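*Asks:* Quick one: structure below, then a few questions.
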């Protein structure tokens, strides 16, 4: 009974030992100063102080483009398993594959005609 759980026990011990050793090492090797000095907290790049960060608003087209990219990327991910077993599915799989591509093309043409891909 114990021999069947032995490999799981070793895995669990390693899963706990690795993060705990990393945390312990970070506390043991920490050499940061105890006092906060303002000069060390000011952000700079190449020796030039940038000052406070600028708050810029992005237009909705950035977010819309990102969401469309995610949607089409996920649809392309669904094409891969279908392409792997396409030979086994024969003509049914081929017709299903073409139907999926037609739906994908119609969606792409729709967002193209709506101007979702235009940058203003």
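The values are calculated or read from the model by the stated rules, or taken from the named source; none is laboratory data. Since this is a predicted model, take the numbers as computed values, not measurements. Every residue, glycine as well, gets a Cβ built from its backbone with ideal geometry; the counts of neighbours run over all protein chains shown.
*Asks:* Which residues, taken from the stretch 76-85, are closer than 23 Å to residue 107 by Cα and either in contact with a helix residue (DSSP H, G or I) (Cβ under 9 Å, 6 or more places away or on another chain) or not assigned by TED's automatic domain parsing to the domain that holds residue 108 (or both)?
*Replies:* Hits for the stretch 76-85 are 76, 78, 79, 82, 83.
*Asks:* Out of all the residues in the stretch 91-114, which are farther than 23 Å from residue 64 by Cβ, over 28 Å from the mean Cα position of the chain (by Cα) and surrounded by fewer than 14 Cβ atoms within 10 Å (Cβ to Cβ)?
*Replies:* Within the stretch 91-114, 91, 92, 94, 95, 96, 98, 99 meet the criteria.
*Asks:* Taking the stated definitions as given, is residue 51 modelled with pLDDT under 70 and either in a helix (DSSP H, G or I) or at positive phi (or both)?
*Replies:* Yes: the conditions hold for residue 51.
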